[in-house]
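To keep things clear, I will list the structure first and then write my remarks on it.
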Amino acid sequence: MSGLNKGVGKVEVALKWDPAPAGEPAYDLDIIAAVFTADDHGTPAQLVHFGSRSPDGTITLHRDSRTGQGFGYDEAMTLELDRLADRYTRVVVGVAIQQGGGRVVFGRIAQASVRVSQGYTELLTDDFASAAEATAATVVEFVRDASGWTLRPLQRAFDTDPGTFGSLMGSAGA
């Protein structure tokens, strides 16, 4: 890094949504991070989601909600980009909807929103309006160059299940 530009270092990706209406199966949205090396061909070197963390502890899901019940942001993942090994040059973060209760798209879920922040600074927010008919969407891409990490909004919609989404996150979308 050069000069006074610190770039992006430690960020939090947080997700919120309203619970399903009474009588319907719960809406379960999940944050997923895919970590790529410089020579990636769309296949992530690491995939971090509920029940997992990166092997070096730099990416951790520390709040997981299966219903959206709670106040504010119910699910959160911390990414310590400044601690990632040099071989990792790209991290894509997305959100997938569990499909166990039947097909659910973002447009059906009230108040769905994702926020990316660094400390108290909000870097990006998205309400999934551009992915209203999708079951999964990428939100942001972090890219490393000689000056450090930068953030790029990456709003791509996918119509797939969470398991397949992990392998598609680095692609152009559907």
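A few notes on this one:
- The single residue among ARG152, ARG103 that is open to solvent by 60 Å² or more (accessible area, probe 1.4 Å), within 21 Å of ASP18 (Cα to Cα) and not hydrophobic (A, V, I, L, M, F, W, C) turns out to be ARG103.
- Matching entry among PHE36, PHE50 (being under 17 Å from ARG156 (Cβ atoms), in contact with a strand residue (DSSP E or B) (Cβ under 8 Å, 6 or more places away or on another chain) and among the aromatic types (Phe, Trp, Tyr)): PHE36
- When restricted to residues that are surrounded by 15 or more Cβ atoms within 10 Å (Cβ to Cβ), among the acidic types (Asp, Glu) and in a loop (DSSP other than H, G, I, E, B), the stretch 44-91 contains 2.
- Residue tally, condition open to solvent by less than 50 Å² (accessible area, probe 1.4 Å) and either under 17 Å from ALA76 (Cα atoms) or not in a helix (DSSP H, G or I) (or both), over the stretch 119-146: 14
- Those residues of the stretch 71-81 which are farther than 14 Å from VAL48 by Cα and either among the small types (Gly, Ala, Ser) or at pLDDT 95 or above (or both), in sequence order: GLY72
- Residue check, ALA14 within 16 Å of GLU141 (Cα to Cα) and open to solvent by 70 Å² or more (accessible area, probe 1.4 Å): no
The values are calculated or read from the model by the stated rules, or taken from the named source; none is laboratory data. This is a predicted model, so every value here is computed, not measured. Don't worry about glycine lacking a Cβ; one is built from the backbone with ideal geometry, like all the others, and counts go over all protein chains shown. The protein model used for the area step is the full one, side chains on, heavy atoms only, and it has no ligands, DNA or RNA in it. Shrake-Rupley method; radii C 1.70, N 1.55, O 1.52, S 1.80 Å.
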